[in-house]
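First up is the structure itself, then whatever we jot down about it.
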Amino acid sequence: MKSALLFPALVSLLALTLCIGGAAAAAAQAGPPPAAQKPADSKGGEKVDQKVPDAKPAAASEPAVAPETKALREASQISDPDKQLEALKKVIADFPETSAAASAEGMMVSTLTRKTTTDIKALQEQAKKYVEGATTPNEQARRMSSAASSFSGAGVLLDEAEQYAKKSLEMLSDEKTWVAAERKAAAEARAEALKKDPAAKPRPEISDADYSTRFTSMRQSGMMALGQIHEKKGNAAAAEKTYREAYALSPKTGGAAALKLADYAKAAGYPFEQLEYLTLATLAGRVTAASRAELETVYKQTHGGTPADLDLMLDERYEKEAVKVDAPAYEPTAKRTSRVVLAELFTGAGCPPCVAADLAFEAALERYTPDDVAVLVYHLHIPRPDPMTNPFTVARKEFYDVPGTPTYFIDGGNQHVGGGAASNARKLFAETVQPAVDKRLEVKAGAAVSLQANLGGDKVSVAAKVGKTGKPDQKLRLQIALVEEMIHYTGENGVRFHPMVVRAMARGEHDALGFPLAPGKASKTAYTFDVAKVAADAKAHLDDMEGGSSKRFGKFQFVERKSDINRGNLRIVAWVQDEKTKEVLQADSLDLTPAAPKAR
């Protein structure tokens, strides 16, 4: 597998807080994407190659894109190496002295690794130009590590790759110096942005914890590149030593090193050590279909357990070690109304910066009761395939015109884009999620919604009542979602517990999502979800994805299939929304238990 270019100048900060898809963004993630990954569409979302129900875009929800950024994204989506090189050269010529030009220089190194049989000299010269073009030591260290990774991934110029990797690690030896330089560069970038547009919202400042995480990630990535170089040069002892150093630097994020060390343990005949490293790699998100199968095999060998027993063990380890956000229970104020707030999160199990948002929404579930907040989590194939994605989650993405993951909405507004590492979860919750929800809980509900539901076998029968509501100029619609309250699955970002996963949404006439409401009139709506069909449709979606229906990913294999649905773990959520303004007027939710009707 050829390694992706790490941390290009234009998108490194953005991709650490937002998964936007595409080669440029994927390159900025901490770790290589799947081998089959191809560029995404320019909005950062996966365009499922099938009819999507009610895929109506929202107007003006995506931020304006600078022309140099647009040009770079378009170049990143070209699959033919020669054509991509020409497009990248044009970006450099059209937008010199910009971060887009610097990123294009770096992307050319990655592109040239796909032409190594004929263009070794060109690759060598472009890498030298890219490294020497850095304006700061930190940037030069990043570029050297990137070049080393590209060379080692392609298995070429290994002596030069080793020199780049070692020099980069030397320059990344002092965290305080590195952080100080990063802070200075960030401050200068904010000042420059403010100078260009005084009315623009300033970029949020990065926390000390996130800076530390980034520094460690860079060193770990550099060590992994060096270990790979040693391995390809036939120096197994040096490779193993380097992998062990990379793992020891930060075991929680050392999944890639753990996978390598599991191989060494297996070769040495140490199954319990192999099991531990495979477990650590899985919990860190560095899991593949092959490593999962190997984990099940060695777990059975050492413990005699089943895959279900293995999952229980992984749950216990994750629960013990996972980051949690303290969220004191909500205490209603004197202004508290009857509103039930709808909180919607668009995320991806393979999206590293989604971790903070995922944990922040977990905190919301701890702080608020279902009488306060109804939570919906939509999984998307951004930036990697996600087995909890389905056509309904994609349709909801199109409804809001979501620019990337993570993105969330509170009552259809208060849009927030971006997240970060687990260390940023507490801040994200305290400064964005909680204030937005608390404020909406004091806003008078614009509608009255009540639910009755019953689960019998595979059928979920829902009856929703909406009172007289709305104004003549509103375009109201009742939406009903079938939600699985908890799914256990470790994706590439290491998050294992996935709450309130949207499995399906009710379809009205012409397969449109939801049911139109007449302003000023009450309504009663009945709908039945066929859980077996929902699961079958989800399986068909995953089958199509693995078979190559996605132009971005081509053919691949999910680590685990998550199309099956736990009938004893379901919830119904209904809400009234103005399709013009996207404002949610009121919501309601109802827990389901088999053969036990509930009403409120």
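The values are calculated or read from the model by the stated rules, or taken from the named source; none is laboratory data. Not measured: the values here are computed from a predicted model. We place every Cβ from the backbone using ideal geometry, glycine too, and count neighbours over all the protein chains shown. Surface accessibility is based on the protein's heavy atoms, side chains included, excluding ligands, DNA and RNA. Shrake-Rupley method; radii C 1.70, N 1.55, O 1.52, S 1.80 Å.
One table, with the values for the structure above:
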read-out	value
Environment charge at Gly255 (Cβ cut-off 11 Å; Lys +1, Arg +1, Asp -1, Glu -1)	+2
Most to least packed among 391-400, 322-331 [average Cβ atoms within 10 Å]	391-400, 322-331
Signed unit charges on C-beta, dipole axis of segment 87-233, positive-most listed residue Phe95, Ala127, Trp178	Phe95
Nonlocal amide H pairs with Leu517, under 5 Å, H built at 1.01 Å	Leu476, Arg477, Leu478
Pairs of alpha carbons in segment 91-220 whose separation is greater than 21 Å (percent)	49
Cα lying deepest toward the dipole's positive end in the chain, options Gly285, Val375, Met545, charges on Cβ	Val375
Separation of alpha-carbon centers, segment 87-130 and segment 403-424, rounded to whole Å	33
Entries of Lys90/Lys129; Lys89/Lys551; Lys128/Lys260; Lys300/Lys324; Lys397/Lys580 with Cα pairs more than 20 Å apart	Lys89/Lys551; Lys128/Lys260; Lys300/Lys324
Arg317/Asp544 FRET efficiency (R0 41 Å; Cβ-Cβ; nearest 0.05)	0.75
Simple Cβ-charge dipole of segment 187-251, Lys/Arg +1 and Asp/Glu -1, about Cα centre, in debye nearest 20	160
Cα coordinate range in the chain, projected on the principal axes (Å, largest first)	74, 64, 44
DSSP-defined beta bridges in the chain - what % are antiparallel, rounded to 5	85
Solvent-accessible heavy-atom area per residue, rounded to whole Å², over segment 189-313 at 1.4 Å	51
Simple Cβ-charge dipole of the chain, Lys/Arg +1 and Asp/Glu -1, about Cα centre, in debye nearest 20	960
By average C-beta atoms within 10 angstrom, highest first, the peptides 282-290, 99-107	99-107, 282-290
Full-extension gain in nm, Glu583 to Glu170, via 0.36 nm per residue minus C-alpha separation	143.4 nm
Size of charge dipole - segment 163-313 - debye, nearest 20, with Cβ of Lys, Arg +1 and Asp, Glu -1, no other charges	540
Apportionment of accessible area to carbon and sulfur, segment 475-600, percent (1.4 Å)	51
Inter-probe distance in nm under a simple model that places probes 7 Å from Cα toward Cβ, at Lys468 and Asp80	6.5
Heavy atoms of His498 accessible to a 1.4 Å probe, total area in Å² rounded to 10	10
Segment 462-529 pair-distance distribution - Cα-Cα, 10 Å bins, rounded %	18, 36, 25, 16, 6
Net charge over other residues, Cβ less than 13 angstrom from the Cβ of Ala284 (K, R count +1; D, E count -1)	+2
Segments 250-258, 525-533, 182-190 sorted - mean Cβ within 10 Å per residue, highest first	250-258, 525-533, 182-190
Of the GluC sites (Glu not before Pro) in segment 287-380, those whose Cβ has at most 11 other Cβ within 10 Å and which sit in DSSP loop	none
Antiparallel DSSP beta bridges within segment 270-412, as percent of all bridges there, nearest 5	35
Net charge over other residues, Cβ less than 15 angstrom from the Cβ of Thr177 (K, R count +1; D, E count -1)	0
Karplus (6.51, -1.76, 1.60) ³J(HN,Hα), θ = phi - 60°, over segment 176-181, in Hz, Gly and Pro reported as x	4, 5, 5, 5, 4, 5
Calculated log₁₀ intensity ratio I(q)/I(0) where the Debye formula runs over C-alpha points of segment 373-498, q = 0.13, 0.15, 0.17, 0.22 Å⁻¹	-0.74, -0.98, -1.23, -1.57
Whole-number accessible area per residue in Å² for segment 336-479, which is evaluated in the context of all protein chains at 1.4 Å	29
Pairwise centroid distance, computed over Cα atoms, of segment 361-398 with segment 482-549, Å	10
Lys324/Asp458 FRET efficiency (R0 35 Å; Cβ-Cβ; nearest 0.05)	0.50
Thr297 versus Ala536: modelled label distance in nm, points set 7 Å from Cα along the beta carbon direction	3.5
